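Reading through the structure tokens given below for one structure.
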Amino acid sequence: MAGAPRGLGRGLDALFKANEEPAAAAGATTPNTLPLRMLKPNPNQPRKAFTEEALEELASSIKAQGVLQPLLVRPLKDGDTSFYEIVAGERRWRASRMVGLREVPVIIKEMTDLETLAVGLIENLQREDLNPMEEALGMQELKEKFGLSQEDLSQKLGKSRSSIANTLRLLQLSESARGMLQNGTISAGHARTLLAVGEDVRAEMLDRIIKDMLTVREAEAMAQYWKAHGELPPASGAEKGKEAKGARPAVSLSERMVDIHTQLSSVFSGKVAVSGTEEKGKVTLSFSSQDELNELLARLGVTVNG
């Protein structure tokens, strides 16, 4: 996210049509200080993972220089108990507790639940480098809560529309793959290669990425092999697995075999896979419904009773 344009202020003004008064109107221009015990994190905070190493680095900086940027908080009540919910700055709050601070600078502002959600999401999406899954979930939440299009998100977050679309596509992953992306077991690059193959082979491909510790480039080669042959490269044992993810995907079809694949694909509505050479190979015609099967048999001139 480094280098992304920062349009936070203007983005929020555009997003909150009913909130056009400047922060001064809510008395939010002059930072106050509040005891840490009066602050509570937002349960809907989009960031779910706080790495210990990053917090320790921030804590060291706070210990040496103090909290340089105030936290944004809103006043709330729980029965007779008053407290302040952190809208933006939970990392600073956590790091401040680590070094034993008793109070931190804050900007207090009355905000609705939706405003709080948007500010938290946008602040994280633009500045705190969420993991890819948190980023996708955050974008989707903004999109649904505020009825935004991908173009709207592009303008609000200072990201290209293609970047928004690619991030949102990660939500098409299986729950297992999403969990692995969120905890860092696989990268966003690995995740995109999974989306490049059919759903029927994604679980197997994910398993092989993990077991064989494939690089993104090796996973991309596996996806390219699937596109050319309609199946994943064969793998049996670690040595053959390495061969499959490296050498096998590099095999390309001859021009004539590519032409055969194109012609067959234009004739059959189901998925067509062609592999091998003109001397030895395989043609696979797939169907996903009874109608497709009947069409396939008719085009092949095959009559089956019953």
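The values are calculated or read from the model by the stated rules, or taken from the named source; none is laboratory data. Fair warning: this is a prediction, and the values are worked out from it, not measured in the lab. Don't worry about glycine lacking a Cβ; one is built from the backbone with ideal geometry, like all the others, and counts go over all protein chains shown.
Return the pair list, or none, for Cβ contacts closer than 9 Å from residues in segment 25-40 that are on the phi > 0 side of the Ramachandran plot and assigned by TED's automatic domain parsing to the domain that holds Lys77 to residues that are modelled with pLDDT of 90 or more and aliphatic (A, V, I, L, M), at least 6 apart or on different chains.
Every condition considered, the pairs that remain are Gly27/Ile108.
Quick check on Met139: is it of a type in the set (A, V, I, L, M, F, W, C) and within 27 Å of Arg161 (Cβ to Cβ)?
Answer is yes for this residue.
Given (1) crowded, with 20+ Cβ neighbours inside 10 Å; (2) within 28 Å of Glu90 (Cβ to Cβ), where does Asn131 come up short, assuming only one miss?
(1)
For segment 177-209, name all the residues that are surrounded by fewer than 13 Cβ atoms within 10 Å (Cβ to Cβ) and either at positive phi or modelled with pLDDT under 90 (or both).
Asn183, Gly184 - these are the residues of segment 177-209 that are surrounded by fewer than 13 Cβ atoms within 10 Å (Cβ to Cβ) and either at positive phi or modelled with pLDDT under 90 (or both).
Would you confirm whether or not segment 281-292 contains a residue that is touching a strand residue (DSSP E or B) at 6+ places or on another chain (Cβ under 6 Å), among the small types (Gly, Ala, Ser) and either surrounded by 10 or more Cβ atoms within 10 Å (Cβ to Cβ) or in the same structural domain as Pro233 (by TED's automatic domain parsing) (or both)?
yes
Quick check: anything in segment 98-108 among the basic types (Lys, Arg), modelled with pLDDT of 90 or more, over 25 Å from Leu181 (Cβ atoms) and buried (at least 16 other Cβ atoms within 10 Å of the Cβ)?
No, that holds for no residue.
Of everything in segment 183-200 that's part of a helix (DSSP H, G or I) and small (Gly, Ala, Ser), which residue is nearest to the chain's Cα centre (by Cα)?
So the residue we want is Ala188.
Hey, among Val67, Val73, which residue is modelled with pLDDT of 85 or more, of a type in the set (Val, Ile, Thr) and assigned to a strand (DSSP E or B)?
Val73
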